[in-house]
1. Hey, with R₀ at 56 Å, roughly what FRET efficiency would Glu173 and Ala384 work out to, going by the Cβ-Cβ distance, to 0.05?
2. Find how many whole Å separate the alpha carbon centroid of segment 166-229 from the alpha carbon centroid of segment 366-396.
3. At R0 = 60 Å, how high is the FRET efficiency between Glu516 and Arg338 if r is their beta carbon distance? Nearest 0.05 is fine.
4. Roughly how many whole Å is it from the C-alpha centroid of segment 451-500 to that of segment 239-318?
5. Taking a virtual spin label 7 Å from the Cα of Arg310 along the C-beta vector, which residues in segment 328-353 bring their backbone nitrogen under 18 Å of it?
6. Using helices alone, what [θ] at 222 nm do you get for the chain, with -39,500 (n - 2.57) per DSSP H run of 4 or more residues, divided over all residues and rounded to the nearest 500?
7. May I ask for the net charge around Pro197, where only other residues with Cβ less than 13 Å from the Cβ of Pro197 are counted and Lys, Arg are +1 while Asp, Glu are -1?
8. Suppose a student asked you for the relative contact order of the chain, using Cα pairs under 8 Å spaced at least 6 residues apart; what percent would you report?
Amino acid sequence: MSVMPATTQQRGSFAVRVVERLSGLLARRGTTRRSFLFRAAVVGSAFAVDPIGYALKPGTAYASVCGRSSSCSGGWSVFCCTINGGANTCPDYSYVAGWWKVDASAFCLGAPRYYIDCNRRPNRSCRCRCNTRGGCDRRRTCCNVFRYGQCNTHVKGVTAVVCRIVTCTPPWEWDRSCGRTVRTSESTRTHSSSCLPGTNPSRIEIKYQDLGLVGSFLGAPDGRERDADRNGRKRRYDKGMILWHRDHGAHEVHGWLARRYRRSGAETGPLGYPRTDHRPVGDRSGQIVRFERGSIYRKFGGPTTIVLGRVDRRYRKLGGPRGRLGYPTSDTMPTNARGTATRFERGAIFDSPDTDAVAVLGRIATVYLERGGPGGSGLGFPVAPHRSVDGGGGRKQRFEDGLIIGPSPRRVFVVREPIRRRYMGEMDGPSGPWGYPITHTGEIVDKDGLWNRFQRAVVYWSPQTGSHWFERGTIYRRYRIEGGASGRLGFPIADQDVTPDGLQRVTFEHGAITYEPESGAVEVIEG
C-alpha cells in the first residue's frame, strides 16, 4: 500500500489545509509514510477529542491529544524508553543522577511515581535536540542542564539530562546509589509515553516497568498477561516470567531458574508462586529464587536444582549455599525408603514423615550414602544432627536404627541396632571398654546376625542370643579360625569372663574357647 499525495481539489478544503499546516508543525522531518500517517492520526484524534476547539485553533491539535508538556517547547526531558529502544533504563552514555516524585499517582495505582534523571556522563557528549520520534513524547534530550543530585554523588558536576526513567519503586531501593532526600513536583503528574504502562496498570506491568521493560534481563514480552492458578496472574517474556499472587505480590524469575521452574510445572507444580525475585547468593557465586514451597538454586557452572519443603527450611537455617553444606547438587527426590533425600556439595539432608529434616555432613554423609542411605544402610533416617564426642575430636550422629561414630571427622563407622544400644548404654560408648569402632557393622547373612569390631573388643548379635562381646585377642583369633558365628561354635551367648582358676573364657551356642595367659594354651570345647 502507498500513500498518494493530496489532489488540488482536496487541498482546497479547510480540513486538508489544516492537516498540511499541522503536519509541518508537529514534526519537521522528511515526508515519509510513517511521519505522514502519524501527523494525520494526530489531527484526526484532535477532531475527536476537541473538534470545536481544534477547528477554531488548529495549531493546538498536538496539544489536544498529547498535552502541551509533551512537545519540545514544553521544556521537559524525554522519557528514556522513547529514545532507548523501549528500555526504561539509562542509555550507556548517561548515569542515574537524581529523582523527584509525584504522590498518589494513577500510574502507580495510588502510590508515588518516581521520575529519575539520566544525566550525560562527564566524559561523553550528546547534542541538544528535540525528539522527533515516539508518538506523543516529543520532548527534549541533552538540553536541560540540571541535577537534583541524590544519586551517584561521587560523580561531580552538572551535565545535561539525557532522558527520564519512571518507577513505582522508591529510587533508594531501585538503585542503591540513590539517597532518600525527597523532591516533589506536581507539574509532571500526567507525563507519560506510549512505551510506558498507562494509568491503572496491572501489578505485573508495574514490575516489568521498574525492571527496565525491554532493557531488563527479561527481554521483550512473549504473549499477553493471563490468568494463573489460584486467581493469580502471569506473563512470559523472552528470557523469563513475572507471576503475581495477592499473598506474595509480583516477582520475576529469569534465565536458567525460569526454565527449571517452567519444567517443574511453574505455579501449578510443587514450588507454587515465587515469594522473592531472582537474586544473587551473598557471595555472588550463584542465584536463588524462593517460592511458596521451596527454592530453586543455581551455582554458576553447576546444576540448577529444586529444594522443597522442610528440607529447604533446614538448609536455609544451616546457612544455605554459603553454609557448611554448600550448593545443592540434586533436587529433593524420593528415596527407596519412605522419605526424601537432597544432596549438596558437602553433605545431604534427609526427611521423612517420622523424622525431621536432618543434615548429614562430611565423611558421615559419605559413609551413609555409600552404604545405601535410608533404604540400604540398615540405619534408617537420621534423627539428630552430628555432634562431637565428649567435647573431643570424635564425631557421632544418631539414626533411627543405629549410629555413625568415629575418633575423628575423617574416620567414622556404622554401628547398627541393637549393638548400638548396648555400646552407648551399658558399655559407656567410646570411653568404655570397647573404645571406638574400627569396622562397620557387618551382617552374618546365613545366621541373621550382626557383628562389629571395636578398638578393644568384638561384638556379635543374633535374635536368639542378643549382644555379647569379648576382647580382640587370642580367643578372637581362634574363634575366627573355627569359622566365627557361621562355624561350629555359633554365636557367643555370654560376654568374656575369667574362671576361678584364671582362665579367660567365652561361651558359645555350641561350645566354648578358653585361654590360659601364663602358658598361652588355647582350648576349644565343643558341646
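Quick note: the coordinates plus some simple rules give every number you see, no bench work behind them. Since we're looking at a predicted model, the values are computed, not measured. No Cβ is skipped: glycine too gets one built from the backbone with ideal geometry, and neighbour counts run over all protein chains shown.
1. Using R0 = 56 Å, I get an efficiency of 0.85.
2. Centre-to-centre (Cα) distance: 52 Å.
3. That pair, Glu516 with Arg338, gives E of 0.70.
4. Value for the Cα centre distance between the two parts: 55 Å.
5. Under cut-off, by backbone N: 332-343, 348-353.
6. On the way: 14 runs with 108 residues, N = 527.
Computed mean residue ellipticity for the chain: -5500 deg cm²/dmol.
7. Values: positive: Arg113, Arg203, Lys207, Arg235; negative: Glu205, Asp210, Glu225.
Residues near Pro197 contribute +1 overall.
8. Values: 1081 pairs, mean separation 28.4, N = 527.
Dividing the mean separation by the residue count of the chain yields 5 percent.
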